[in-house]
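First the structure, in the form of structure tokens, and then the observations on it.
The values are calculated or read from the model by the stated rules, or taken from the named source; none is laboratory data. These numbers come from a predicted model, not from an experiment. Virtual Cβ from ideal backbone geometry, glycine too; neighbours counted across all protein chains shown. Note: areas computed on protein heavy atoms with side chains; ligands, DNA, RNA excluded. Shrake-Rupley method; radii C 1.70, N 1.55, O 1.52, S 1.80 Å.
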Amino acid sequence: MATEVLVPTLGESITEATLGEWLKKPGDPVRADEPIAALETDKVSVEVPSPVAGTMGEYAVKVGDTVAVGAMIATIDAGAAAPARVEAPQPAVTASPAAAPAPESAAALSPSVRRAVLELGVDPSTVKGTGRDGRLTKEDVAAAAQSKPATPVPAPAPQPASVTAAASTRKEERVRMTRLRQTIAKRLKDAQNTAAMLTTFNDVDMGAVIEARNKYKDLFEKKHRVRLGFMGFFVKAACMALKDVPSVNASIEGDEIVYHDYADISVAVSAPGGLVVPVIRDADRMSVAEVEKTIGDFGRRAKDGTLKMDEMKGGTFTISNGGVFGSLMSTPIINPPQSAVLGLHRIDERPVVKGGQIVARPMMYLALSYDHRLIDGREAVTFLVALKNAIEDPTRILIDL
């Protein structure tokens, strides 16, 4: 007897999604509540579990199709067991070296991963996947490309004219934008069209934070079971600066300004389909350890596609760390309805003047993009200076100064 698999409830005000990928093929054995498909909504990827144990039946929709809540997407042959696999007797053979594993089929890769494999020239069979069920992600491919040693390219052998012409044929691939990417594009463009955006820059000497991190990271990890990173310092420093300059933590609703006496910090984390911004609720009341644990949990679940809708709603201020990708400087875009976003960048040794002497210091550029309708330049600079002071003297964070 076939059981229908229906699109589950996706969250408040979300009525449809896009079928991102099938996790089971027709004929595969399926356990009850085992994910069989992944849906892409405006914000996250949602797995569809099997309602019963049995065998995967036929697909009712294709990858890329838009499906409504409650719609049937497949069937499960309930109670049908996968046939046992009987191995035929094999003649004895002489032992030989183990063959290399077969390359992962291109059909098994998602379009975005396929594109990354082609662009970066990575053999997918040599890369260990960290995604769901060991599948490759774009991050896996990018990491493999960075770690791949450079090899000299041999001079090409002379080829007949017809072969050379065929080899130089240029190709294009068209991949439909995911629902998440479409939503990101729309929201960013809406932010540019609505807000009077301006970006103010400053720089910060990271020496004191680096020294504190190196001194306490082992004890910190032993006690709290989480690594001590830089984001914990920046989140706490930002919370202090938001108290000093409340307009940076405010938002515009109609002809009113809404001020918040709490700091819900959105942190941009990388997911397979693009950046997502889960929210650290009441970050101003958290310790550095609690902040680091929350961010680490967000990062893992963003990679697995298991973040929940409610975890990305709200937020009063955003921090985006482009430095982890090597960014030197940027002008981040506001995450509406918030009025400001802080961009962090890579740390470089640069010459600065300290005590009348030119010395090399680990410096980072800070960028605050803000809605000039609400935040004046003086307030933006005041916020950045308060943040800079806290990072350059982390004791201020401890004593809330």
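Taking a ≥ b ≥ c as the square roots of the eigenvalues of the alpha carbon gyration tensor, region 258-401 is prolate, as a/c is not under 1.5 and a/b beats b/c. Which percent of the accessible heavy-atom area of region 310-389 goes to carbon and sulfur, probe 1.4 angstrom? Whole-percent figure for carbon plus sulfur exposure: 56. If the reach is capped at under 28 angstrom between alpha carbons, list the lysines near Lys186, excluding any in the same chain fewer than eight residues apart. Filter leaves Lys43, Lys62, Lys138, Lys303, Lys308, Lys313.
Approximating the spin labels as points 7 Å out from Cα along Cα→Cβ, the Arg176-to-Met72 distance works out to 2.1 nm.
Determine the distance separating the Cα centre of region 164-234 from the Cα centre of region 237-308; give it in Å without decimals. So the separation of the two Cα centres works out to 14 Å. The length gained by stretching the chain between His372 and Tyr259 to full extension, at 0.36 nm per residue less their Cα-Cα distance, is 39.1 nm.
Note on region 218-269: with neighbouring protein chains present and a 1.4 Å probe, carbon and sulfur make up 49 percent of its accessible heavy-atom surface.
Packing, as the average of other Cβ atoms within 10 Å across residues, places the peptides 170-180, 289-299, 256-266, 337-347 in the order 337-347, 289-299, 256-266, 170-180, highest first. In this structure, the amide hydrogen of Ser266, modeled 1.01 Å from its nitrogen in the peptide plane, lies closer than 5 angstrom to those of Ile280, Thr316, Phe317, Thr318, Ile319, counting only residues at least 5 positions away or on a different chain.
Take Asp205: with every protein chain present and a 1.4 Å probe, its accessible area is about 10 Å². Here the simple spin-label model places points 7 Å from the Cα toward Cβ, and for Arg285 and Val63 these points are separated by 4.4 nm. The phi-based Karplus calculation (6.51 cos²θ - 1.76 cosθ + 1.60; θ = phi - 60°) puts the 3J(HN,Hα) values of region 288-305 at 4, 5, 5, 5, 5, 5, 5, 5, x, 5, 4, x, 5, 6, 5, 5, 7, x Hz, whole numbers, x for Gly and Pro. Accessible surface for region 174-226, divided over its residues, is 71 Å² per residue with a 1.4 Å probe.
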